[in-house]
1. Please go through segment 209-253 and pick out each residue that is among the hydroxyl-bearing types (Ser, Thr, Tyr) and assigned to a helix (DSSP H, G or I).
2. Any residue at all in segment 53-67 that's surrounded by fewer than 21 Cβ atoms within 10 Å (Cβ to Cβ), in contact (Cβ under 8 Å) with a residue 24 or more places away in the chain, of a type outside the set (A, V, I, L, M) and out of contact with any strand residue (DSSP E or B) (no Cβ under 9 Å at 6 or more places or on another chain)?
3. Using the structure shown, decide if Gly134 is within 24 Å of Val32 (Cα to Cα), out of contact with any strand residue (DSSP E or B) (no Cβ under 7 Å at 6 or more places or on another chain), surrounded by fewer than 15 Cβ atoms within 10 Å (Cβ to Cβ) and not aromatic (Phe, Trp, Tyr).
4. Identify, please: which residue in segment 2-35 is surrounded by fewer than 22 Cβ atoms within 10 Å (Cβ to Cβ) and among the polar types (S, T, N, Q) and is, among those, farthest from the chain's Cα centre (by Cα)?
5. Report whether or not Val100 is touching a residue at least 24 places away in the same chain (Cβ under 8 Å), in contact with a Lys or Arg (Cβ under 7 Å, 6 or more places away or on another chain) and buried (at least 20 other Cβ atoms within 10 Å of the Cβ).
6. Kindly indicate whether any position in segment 123-130 is aliphatic (A, V, I, L, M), in contact (Cβ under 8 Å) with a residue 40 or more places away in the chain and closer than 27 Å to Phe43 by Cα.
7. What residue, among those in segment 1-43 that are out of contact with any strand residue (DSSP E or B) (no Cβ under 8 Å at 6 or more places or on another chain) and hydroxyl-bearing (Ser, Thr, Tyr), is nearest to Ala124 (Cα to Cα)?
8. How many residues does segment 70-90 hold that are more than 30 Å from Gln206 (Cα to Cα) and surrounded by 14 or more Cβ atoms within 10 Å (Cβ to Cβ)?
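Just so you know, all these numbers are worked out from the coordinates, no wet-lab data involved. All values derive from a computational prediction rather than experimental measurement. Don't worry about glycine lacking a Cβ; one is built from the backbone with ideal geometry, like all the others, and counts go over all protein chains shown.
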Amino acid sequence: MSKPAVRYERDGPVAWMTIDRANNRNALSADVRAGLVEGIDRFNCDDAAVLVLTGAGDKAFCAGGDLKEMASSSLTVPPWDFVPQFGRNVTVDKPTIAAVNGVAYAGGFLLAQMCDLCVAAEHARFAITEAKVGRGTPWAVPLPWLIPPRVAMELLVTGEPIDAARAFQLGHVNRVVPGDDLRAAAQAFAEVIAGNAPLSVRAAKQTVYLGAELARSAAFDAADRIWEPVYLSEDAQEGPRAFAEKRSPQWKGR
């Protein structure tokens with residue numbers, strides 16, 4: 001049997017999803033897109049606390065769409081589910097981290113953008129190259145919420161790359177590490193999150209995105225609704241109790 005285009009594996013409380021087409025710069029071919037959907041479904045059903053998305057090798061996280069495949073199929077407007085996008089066409093309640101191990105161009109930029117957090121190797125580069133090949137970027141709508149609007153504009157209209165250090169300065173990347181340390185750094189980052197109360201973590205994720213979707217007063221009302229069941233949970237009592245008893249909390253997720 002041929003190896004899967006996307007590998008899914010567990011490392012303790014962390015799930016790793018790896019695009020495994022290093023010889024093709026981990027481009028988003030049909031089998032990769034299908035593998036991503038399968039992996040996301042698996043994570044949603046798994047008890048893993050955090051998902052890390054990365055690419056095989058040290059050259060490319062994902063170089064974007066498979067242009068040869070697009071040319072052969074004369075692809076025009078991609079269907080709404082052409083690439084899974086967290087929060088747009090697929091729901092992922094638990095935190096996600098992009099571990100960017102090389103170039104993240106076009107659709108690769110999309111994958112890094114859609115994750116909640118991002119750790120990048122020092123040699124990683126980010127670019128939205130669609131303008132250079134006449135393609136589109138409707139997925140870039142959230143970008144001016146993530147980074148300054150004029151920088152988003154520059155990336156979109158020039159197609160030129162930025163390095164990991166610049167992406168970190170802009171807030172697009174949370175941490176930059178040597179390439180050899182990327183896996184360990186992303187795993188450690190994920191384990192910190194996994195050690196926290198799961199209901200609080202999921203509610204925190206929802207709260208962050210409220211500001212991108214709702215006006216201020218409506219966002220506060222929505223946040224109250226999101227957090228009420230957290231306050232009423234068993235874990236909300238377990239946390240203070242464990243602190244008082246000088247022990248680690250035992251989260252139940254309820």
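1. Residues of segment 209-253 that are among the hydroxyl-bearing types (Ser, Thr, Tyr), as a first pass: 209, 217, 231, 233, 248.
Listed by number, the residues that qualify are Tyr209, Ser217, Tyr231.
2. In the first step, residues of segment 53-67 are kept if they are surrounded by fewer than 21 Cβ atoms within 10 Å (Cβ to Cβ); the result is 56-59, 67.
Then keep just the ones that are in contact (Cβ under 8 Å) with a residue 24 or more places away in the chain; that gives 56-59, 67.
Going one step further and asking which of them are of a type outside the set (A, V, I, L, M), we end up with 57-59.
Of the ones still in play, those that are also out of contact with any strand residue (DSSP E or B) (no Cβ under 9 Å at 6 or more places or on another chain) are 57.
The answer is yes; a qualifying residue exists.
3. On the way: within 24 Å of Val32 (Cα to Cα): yes; out of contact with any strand residue (DSSP E or B) (no Cβ under 7 Å at 6 or more places or on another chain): yes; surrounded by fewer than 15 Cβ atoms within 10 Å (Cβ to Cβ): yes; not aromatic (Phe, Trp, Tyr): yes.
So Gly134 fits the description; yes.
4. Applying the filter and picking the extreme gives Ser2.
5. Working: touching a residue at least 24 places away in the same chain (Cβ under 8 Å): yes; in contact with a Lys or Arg (Cβ under 7 Å, 6 or more places away or on another chain): no; buried (at least 20 other Cβ atoms within 10 Å of the Cβ): yes.
Against the criterion (touching a residue at least 24 places away in the same chain (Cβ under 8 Å), in contact with a Lys or Arg (Cβ under 7 Å, 6 or more places away or on another chain) and buried (at least 20 other Cβ atoms within 10 Å of the Cβ)), Val100 does not qualify.
6. We begin by selecting, within segment 123-130, every residue aliphatic (A, V, I, L, M); these are 124, 127-128.
Now restrict to residues that are in contact (Cβ under 8 Å) with a residue 40 or more places away in the chain: 124.
Of the ones still in play, those that are also closer than 27 Å to Phe43 by Cα are 124.
The answer is yes, given that some residue of segment 123-130 is aliphatic (A, V, I, L, M), in contact (Cβ under 8 Å) with a residue 40 or more places away in the chain and closer than 27 Å to Phe43 by Cα.
7. Ser29
8. Number satisfying all stated conditions: 2.
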